[in-house]
Structure formats: C-alpha cells, structure tokens
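What follows is a set of notes on a single structure, which appears directly below.
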Amino acid sequence: MSNAVELTKERIVRQTDADCVFTDGYGVRWFKYEFKYPHRRPEGSLADFAFDIWATSDQDAAERLASIKASAKIQGRIVTGIDT
C-alpha cells in the first residue's frame with residue numbers, strides 16, 4: 001500500500017505547475033503550500049481565508065505552520081511589492 005501512496009505523490013509532483021515548485025541554488029526542491037483558516041468577518045459571519053508558504057515537504061510545511069502559530073508577529077502593513 002505504501003508504494004501506491006508514493007506513486008501518487010510522485011504523480012502529483014510531476015503535475016505541479018512551474019510557478020508552484022522550484023529548485024534553489026543548493027538543489028533543494030521547494031513547493032508552495034496553502035493554509036486555510038476560518039475567521040470572523042466584521043459583521044459576525046465566518047469566512048475562510050488562506051495564505052501560502054514555501055516548504056520542502058509536507059513535514060516541513062507542518063513544522064513551519066507550528067512555528068507560525070508559536071511565534072509569528074506582525075511586522076507591518078505591506079504597501080507595495082516587487083516581483084523578482
């Protein structure tokens with residue numbers, strides 16, 4: 001059964017869009033992960049919101065989320081962006 005899971009994971013990696021995966025200068029592959037969370041709107045209804053991060057694996061993504069939960073701080077409002 002674990003072979004079937006690995007084949008599925010490999011198929012998903014092969015089908016990942018180019019803007020959602022890259023290899024860094026050290027040869028490490030990075031994948032984009034999305035995190036979804038419910039948040040109450042000003043009028044009181046719940047809505048789903050999401051953000052994404054780059055991680056090297058499912059485990060790395062889970063560890064990064066744990067770090068975010070434990071220690072993230074607001075750095076300020078973003079007022080512009082530069083595409084690199």
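Tabulated data
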read-out: Residue match in region 44-55 (condition: in contact (Cβ under 8 Å) with a residue 24 or more places away in the chain and either of a type in the set (Asp, Glu) or in contact with a helix residue (DSSP H, G or I) (Cβ under 7 Å, 6 or more places away or on another chain) (or both)); value: yes
read-out: Residues within region 26-84 that are more than 29 Å from Thr16 (Cα to Cα) and among the small types (Gly, Ala, Ser), tallied; value: 5
read-out: Boolean, Ala62 is surrounded by fewer than 10 Cβ atoms within 10 Å (Cβ to Cβ) and at pLDDT 95 or above; value: no
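The values are calculated or read from the model by the stated rules, or taken from the named source; none is laboratory data. Every value quoted in this text rests on a predicted model; they were computed, and no experiment measured them. All Cβ positions, even for glycine, are placed from backbone atoms using ideal geometry, and neighbour counts span all protein chains on display.
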